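The values are calculated or read from the model by the stated rules, or taken from the named source; none is laboratory data. Note that the coordinates shown come from a computational prediction; the quantities given were computed from them, not determined experimentally. Cβ placement follows ideal geometry from the backbone for every residue including glycine, while neighbour counts extend to all protein chains displayed. Areas reflect the complete protein model, heavy atoms only, side chains present, ligands, DNA and RNA absent. Shrake-Rupley method; radii C 1.70, N 1.55, O 1.52, S 1.80 Å.
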Amino acid sequence: MRIDVLTIFPAVFSGFLSESIIKRAINNELVTVNLIDFREFTDSKHKKVDDYPYGGGAGMVLNVQPVVDALKSIEGYEKALKIMMTPQGKTFNHEMAYELSEEKHIIILCGHYEGFDERIRHYFDLEVSIGDYVLTGGELGALVLIDSITRLIPDVINKDESHINDSFNNHLLEHPHYTRPRVYDGLEVPEVLVNGHHKLIEEWRLEESIKRTKDRRPDLYKKYIKGAK
Ligand code: ADE
């Protein structure tokens, strides 16, 4: 998969992309991430990418020209899925991550300032929000997309790290996990995980998943019950 990110803060991405599973996926050429600083595309003498809003009001508005020129500089942009990060977008979830992981090429625009010139929307296919809060810009949102999409691309995660049991698959949160030591500060690993056989362990895990989902996420639990019927 190829991901192009339009941002005026490309440095924000470098640390994250050079660690752990994402770094490995990039090194193995399972995903390519290109960072495009759209400030470099501005016609403005002073390298500005924002301006005062028509009609007045607080805050600055992102100019359409540098964004669209930068977008059009991307090879194959016409066919790519073009996403804008904005709190006004569709709320991101695991299902969307799965859908997006099947795309060949996505372009993600990170906004800044009060908002986008409305005409920018004309050039994009999808608006995505990572939650009901306002960030200073779309960069963190873009990283959330890149991370959650990349780990779902075939071969990015090996069998031991498998995402088959991810929380949100089957509308259930994951069961509790334990590793060594068996007792820590008086806190013990449940007996069934140590001595139980495979079937009992599976039953215990499913029960715990259901309990946990019912308790913490009644909205998900309702979907699980519906699906199980
Ligand atoms: N930009 C600012 N806030 C955002 C959010 N919640 N999601 C995506 N992009 C944003």
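Residues in the range 97-112 carry Karplus couplings, in order, of 4, 4, 4, 5, 5, 8, 6, 8, 8, 10, 10, 10, 9, 9, x, 8 Hz; the curve used is 6.51 cos²θ - 1.76 cosθ + 1.60 with θ = phi - 60°, and Gly or Pro positions show x. Accessible area per residue was computed with a 1.4 Å probe on protein heavy atoms; M1 scores about 40 Å². Here the accessible area of the chain is 51 percent carbon and sulfur, with a 1.4 angstrom probe and all protein chains present.
The 3J(HN,Hα) values that the Karplus relation (6.51, -1.76, 1.60; θ = phi - 60°) gives for the range 54-66 are, in residue order, 4, x, x, x, 7, x, 10, 10, 5, 5, 6, 4, x Hz. Gly and Pro appear as x.
Using Cα-only point scatterers and the Debye equation, what is log10 of I(q)/I(0) for the chain at each q in 0.12 Å⁻¹, rounded to two decimals? Rounded to two decimals, the profile gives -0.79. Accessible surface ranking for K222, K72, 1.4 angstrom probe, highest first: K222, K72. How far apart, in nanometres, would the label points at E102 and D155 be if each is projected 7 angstrom from Cα along the Cα-to-Cβ direction? Calculated label separation equals 2.0 nm.
How many angstrom lie between the Cα centre of the range 120-159 and the Cα centre of the range 45-109? A separation of 12 Å, based on Cα centres.
The figure for F41 is an accessible area of roughly 60 square angstrom, using a 1.4 Å probe on the protein chains alone.
A Cβ-based charge dipole, computed about the Cα centre of the range 1-104 with Lys and Arg at +1 and Asp and Glu at -1, lands at about 160 debye. Efficiency by 1/(1 + (r/R0)^6): what FRET value for I21 and N170, r their Cβ-Cβ distance, R0 = 22 Å, to the nearest 0.05? It comes to 0.45. In terms of its C-alpha gyration tensor, the range 173-229 has an oblate overall shape, because the principal axis ratio a/c (a ≥ b ≥ c, square roots of the eigenvalues) is not below 1.5 and a/b does not outweigh b/c. T42 sits with roughly 20 Å² accessible to a 1.4 Å probe, with DNA, RNA and ligands left out of the calculation. A cut-off of 5 Å between modelled amide H atoms, ignoring neighbours fewer than 5 places along the same chain, links L109 with L6, I83, M84, M85.
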